[in-house]
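Enquirer: Please read through the structure below; I'll follow up with questions.
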Amino acid sequence: MIKNSLWKRILFGYIAIALFMLAMSFYLIFRLTHLNKVTDSIMRVDIPFIENGEKLMDSLLEQVRNEKKYIITNDSAFLDLFGKKKKEFLERLKFLEESATDREKETFINHMRELYKKYISLVSKEIILVGKEEIFPPDIRYEEEKKKTLDLLTESINKLTLATQAGLVKKIELFQSIGDKSARISLIIILLAVLFGAVCAWFFTRSVCVPIKNLKDATDRIARGEWGHRIEVTSCDEIGTLGRAFNQMCDKLREMDQLKTEFISNVSHNLKTPLTVIREANDLLLEKIAGPINEPQMKLLSIVKEETLRLTMMINDLLDISRIEAGLMRYNFQRSNVQDVVRRSVDAIRFLAERKNIGIHSVSGVSLPNILLDADKIAQVMDNLLSNAIKFSPPGGSVVIQVDEVESGSVPRFFAEKNRLNSVHSFVRVGIADTGIGIPPECHKTIFDKFQQVSNKGKGGMKGTGLGLSIAKHIILDHGGDIWVESNGEQGSAFYFTLPCRYDYAVQC
């Protein structure tokens, strides 16, 4: 069973986000319930309480007016209206008493009830006297007491209304405070949920994308022939399993490549001796040591000699690439002049160019200083590049060779990561340009890998072993230089390689 698998990470992320959303939902429900209670209290208690308080005041004033009218006119209609308003007053007072939610309001209501009883008691005496049609002298003390009682009653009603309004304002402020707080906390929860989701998504994406990118990079390096590269596996999930399977595949590929290299090396060694014998015997026949030969036999033996020589060169390339991969390539570094090496290579291969009517032109500036190099190995590079230029150029074409010294800053780093030279100030640059079939841009690096050749269908391309440029690359890199090609893929190619000329430290081989 795979620990910390991808689906478990995804499930954990979804559960965490769901928990955040549930927490936010429960909090909002709790706050909305609280708001609903406050709203219900305002609508069912406070607003009716205030309305009844205001109507209580109106009822009292109506009683006072009807009482005065009745005393003046002795009209029973006003007395009926007085009784009606009295009944309404008591009903509203009872409603306020039942709706009171705190002791302060209850105190006000009890005080109002006592004052109202006192007022009714005072008014009743006057009403009874008026009903008997008795004339009574004005009583200043009675009027002052009635007025004082009404004032106190009116003041109590106003205080009760103001207290209720103050409570209503507090509830509205609480309502706003709860709403604002709920909005802030909800926003914070949403932001935390989004942040948590983004962090989880980033970590999950990184835990998937980074190993996949490493796997892709490792695949590219393996495709370039770096069989020793491995992926560092740090997880136990599906990606880690894939990484371990990739490493096992690389081990198998490396083992197979090693077997192939050993096979090629053994076959090459075993073929070299019989080829040497065949070539020597062929030379003896051509020299007529074994007896006279006629002209047709001479031609056949010349063909055998050329093909034997070509086969010997192929075997030497296979042996060289085997030595390079095994780290057994030996160099004899001495101070030599690159121009002399180039000149000897041109002289040696000029006959091949003349057979195809291809002109070789050398462009050389001032005399260059001697540099540290293996003349034979650099000559091998030159021979390979020149033979390729002649091979892939059409009859009547041309090959231009240029040798000059350039500053290190103007030199492109094609295989820069493999450059083993420190603090190089200048390079000797050798360029070989032809008028051949060209090389597509996508092949500018791969052609330097072993057994890699450019497919130029319909352009007269010629096949070889595909090892020459790979050997040339290793030789130049071991010298501390670089090698590259410039071509638009249509016509003509220019191969360049550099060798350290002026530097502060020696090449680290």
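Enquirer: In the set R44, R65, which member is in the same structural domain as K170 (by TED's automatic domain parsing), under 60 Å from the mean Cα position of the chain (by Cα) and more than 14 Å from T161 (Cα to Cα)? Break it down into steps so the answer makes sense when it comes.
Expert: Values: R65 fails: under 60 Å from the mean Cα position of the chain (by Cα).
Sole residue among the options that is in the same structural domain as K170 (by TED's automatic domain parsing), under 60 Å from the mean Cα position of the chain (by Cα) and more than 14 Å from T161 (Cα to Cα): R44.
Enquirer: Now a separate question. Scan the range 474-495 and report the pairs whose first residue is closer than 25 Å to D374 by Cβ and whose second residue is surrounded by 24 or more Cβ atoms within 10 Å (Cβ to Cβ) and small (G, A, S), with Cβ atoms within less than 9 Å and a gap of 6+ or a chain change.
Expert: From the range 474-495, the pairs are V485/S493; F495/A389.
Enquirer: Hey, does the range 336-352 have a residue that's within 48 Å of the chain's Cα centre (by Cα), within 18 Å of K473 (Cβ to Cβ) and not polar (S, T, N, Q)?
Expert: Step one: list which residues in the range 336-352 are within 48 Å of the chain's Cα centre (by Cα), which gives none.
No, the range 336-352 has no match at all.
Enquirer: What are the residues in the range 385-403 that are touching a Gly at 6+ places or on another chain (Cβ under 6 Å) and at pLDDT below 90, if any? Spell out the reasoning first.
Expert: As a first pass, look at the range 385-403 and keep what is touching a Gly at 6+ places or on another chain (Cβ under 6 Å): 392-393, 398, 402.
F392, S393 - these are the residues of the range 385-403 that are touching a Gly at 6+ places or on another chain (Cβ under 6 Å) and at pLDDT below 90.
Enquirer: Check every one of the strands (runs of 3 or more DSSP E) wholly within the range 313-406 and list those with 2 or more residues that are surrounded by 16 or more Cβ atoms within 10 Å (Cβ to Cβ). It would help to see each step written out before you state the result.
Expert: On the way: elements: 334-336, 359-364, 371-373.
Those strands (runs of 3 or more DSSP E) span 371-373.
Enquirer: When you scan the range 169-207, how many residues do you find that are of a type in the set (A, V, I, L, M) and in contact with a Gly (Cβ under 6 Å, 6 or more places away or on another chain)? Spell out the reasoning first.
Expert: Within the range 169-207, the subset of a type in the set (A, V, I, L, M) is 169, 172, 174, 178, 183, 185, 187-195, 198-199, 201.
Then drop every residue that is not in contact with a Gly (Cβ under 6 Å, 6 or more places away or on another chain), which leaves none.
Here the count works out to 0.
Enquirer: Related question: So if I check each of F20, F26, which one is assigned to a helix (DSSP H, G or I), under 30 Å from L174 (Cβ atoms) and touching a residue at least 40 places away in the same chain (Cβ under 8 Å)?
Expert: F20
Enquirer: Taking into account only those residues within the range 450-460 that are farther than 18 Å from M313 by Cα and surrounded by 15 or more Cβ atoms within 10 Å (Cβ to Cβ), which is modelled with the lowest pLDDT?
Expert: Of the residues in the range 450-460, the ones farther than 18 Å from M313 by Cα are 454-460.
The next check asks that each one be surrounded by 15 or more Cβ atoms within 10 Å (Cβ to Cβ); those that pass are 454, 456.
On the way: V454: 71, N456: 55.
Among them, the one singled out is N456.
Enquirer: Moving on to the next point. Pairs needed: first member in the range 252-277, in a helix (DSSP H, G or I); second member anywhere, acidic (D, E) and at pLDDT below 75; C-beta distance under 8 Å; at least 6 residues apart or different chains.
Expert: Qualifying pairs under 8 Å: T261/E325.
The values are calculated or read from the model by the stated rules, or taken from the named source; none is laboratory data. Model, not experiment: these values are computed from the prediction. Heads up, the Cβs are rebuilt from the backbone with ideal geometry, glycines too, and the neighbour counts pull from every protein chain shown.
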